[in-house]
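A short worksheet on the structure shown next.
The values are calculated or read from the model by the stated rules, or taken from the named source; none is laboratory data. As the structure is a prediction and not an experimental result, all values here were calculated from the model. Positions of Cβ are generated from backbone atoms using ideal geometry, with glycine treated the same way; all protein chains shown enter the neighbour counts. The protein model used for the area step is the full one, side chains on, heavy atoms only, and it has no ligands, DNA or RNA in it. Shrake-Rupley method; radii C 1.70, N 1.55, O 1.52, S 1.80 Å.
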Amino acid sequence: MNQPFDAPQNLQALLASIVSASDDAIIGKTLEGIILTWNAGAERVFGYTAEEAVGKSILLIIPPERHDEERVILEKLRRGERVDHFETVRVAKGGRRLDISLTSSPIHDVSGRVIGASKIARDITLRKRAEEGLRAAERQLQIITESLSAPVARCSRDLRYVWVGKRFAEWLQRRPEEIVGRPIAEVLGPEAMARLQPYVDRVLAGEEVQFETQIDYEKIGPRWISAMYSPTFDTTGSVTGWLSVVIDIEARKVEEEVLKNADRRKDEFLATLAHELRNPLAPIRNSLEIMKLAEADSEVATKARDMIDRQVSHMERLIDDLLDISRITRNRLELRRQRVDLQAVIHQAVETSRPMAERLGHEIRVRLPAEPLFVHGDPVRLAQVFGNLLNNSCKYTKRGGRIEVSAERQGEIIAASVRDNGIGISTGMLPRIFDMFTQGDQRLDRASGGLGIGLTLVRQLVEMHNGRVDAKSDGPDQGSTFQVRLPALVEKTQEGGLDGTARDRRVAPALRILVVDDNQDSAHSLSTLLAMNGNQTRTAYDGLEAVEAAKAFQPDVLMLDIGLPKMDGFETCRRIRAQPWGKNILLVALTGWGQEEDRRRSKEAGFDAHLVKPVSHAELMELLASFGAKGRAELAGP
């Protein structure tokens, strides 16, 4: 055994005072590990008194599985080496285990020879438990964030990633190990870091930060993000970094932009609608005034009437297009398909558009094959398709232009084209030319009117016929070509009208007709028109008056508005039908309401027919002729 230390008395007293006052366990031992001194701090830490510990092996407080640690420490001490802040586990009296931070220093005699060791042990159990708790909390937090759909990361004060959630790494198109520990600027790119720096400064100042911004990331490119930065703190309250939650809102921002554009186009459409609907009203009003002032001049009156007819027809087309678009978008438009010769459809569309073409000085050329071109479709809707295409060409072709309509069979497809030498379509406009409310060049010198729904209606009607429509143009002032491709029908039909049957042109017999409308101008004008066709007419202006007038007049036909005062048209119809004299009257709903629901309600109320204002004179005469020839029961059908 080595010799015990030998020091001056006054030095020993000073050392003893320091050792006694220390909260740490200070233990002196031999190089063989025998305990020589045991201070009060050692008693508090390990629970043994000095009498119980001095003279015993230091293994008294070392767990069996760590005995080798003591051997290694003693070897270092014999060589004169110091062991600093070695964290290990020791055992207190009663078997309680402690986390210890251990420092062992060799003790030399006056000659410099190592004769023993001084050991300072600090109980760090509470600190270790706190650290383990913190690590457990971080592990739990990371497990939670891994399950979140939002990218989450934790960043340190020195602007590095401490850890990242799986979604965060996937969003940046990297692996977690490529991110953790690296500077944020390296991962995101210097431009992105510069954009985020103001928010980082605020969170490092202890502020919780929420923001939306667009960041140009180095790898994934520009992204709109919604982010929340929450500061993290240590036990002293100092900010150690922040927790970052990032939500990619790029898709939302794109949708918002689409909605903004749609809203802008809606506003433009409403302004255009007001303009377009006012346009026909001005010449109508002017023409009426002309007719008042020039009653004796039949030629002037005739021109005025023709102008009114053209403008009213124009307004009817505008309203019909609007209603058709509404029906299609709500899946309420039904096609009445039959065998149709597309040549007849095209000829009808050309004749419908010819007045506009002639007014603008355009030449319309029709080039069709000798053999018929049969399709399975709705002749009215197909005529609407080609009428809209022809009107579009007329509007967007300078005066004196040329429009060519052609069609041919291409195997199982019939391809029909409308080509013009008009203002053309720009490259940027071509992909959007069939979109709702989209119009081409709208400069004042080229303003041609229209609501921007005609081509949309064309595309939707063609697609409902299992076809497609395409637009082509070489650019501004190079003309345009619209091609409609429809499935061909092999079976032929008889010659005649659009549906392959000859039309029966009948003349309506003289009838007793009661016209009911709360708009007296409308009632009187229709009554006058019917009287000019040889009928005996009466008028009424509300539902109750209509029932009394019908009882007294006993009409063959009753033209009845729906929106009547005192009693609406539906109830008026039901009351008349309930009377013995009302069983065989032809009851016609004549109204501005023309949706499918309106037609269903009128049928349920007992109406035989539903006509939408302003009704075509030819259509009205056809209905009256059919009633006169067949009677109500046969007209209504099974």
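Structure above, values below:
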quantity	calculated
Heavy atoms of Lys260: accessible area, 1.4 Å probe, square angstrom to 10	130 Å²
For peptides 195-206, 579-590, sequence by mean Cβ density within 10 Å, most packed first	579-590, 195-206
Unsatisfied cross-links (Cα-Cα over 23 Å) in the set Lys29/Lys128; Lys56/Lys128; Lys260/Lys395; Lys566/Lys613; Lys219/Lys253; Lys398/Lys613	Lys29/Lys128; Lys56/Lys128; Lys260/Lys395; Lys398/Lys613
Long-range amide H partners of Glu81 with built H, under 5 Å	none
Relative packing of peptides 46-58, 63-75 - highest average C-beta neighbours within 10 Å first	46-58, 63-75
Local net charge near Phe46, Cβ-Cβ under 14 Å (Lys/Arg +1, Asp/Glu -1)	+2
Summed residue charge, Cβ within 12 Å of Leu611's Cβ, Lys/Arg positive, Asp/Glu negative	-3
Segment Val72-Arg600, extension gain: residue separation times 0.36 nm, minus the distance between their alpha carbons	180.1 nm
Whole-Å semi-axes of the stretch 340-443's equivalent ellipsoid (Cα gyration tensor)	24, 17, 13
Net charge contributed by nearby residues that have their C-beta within less than 10 Å of Arg459 (K/R +1, D/E -1)	-2
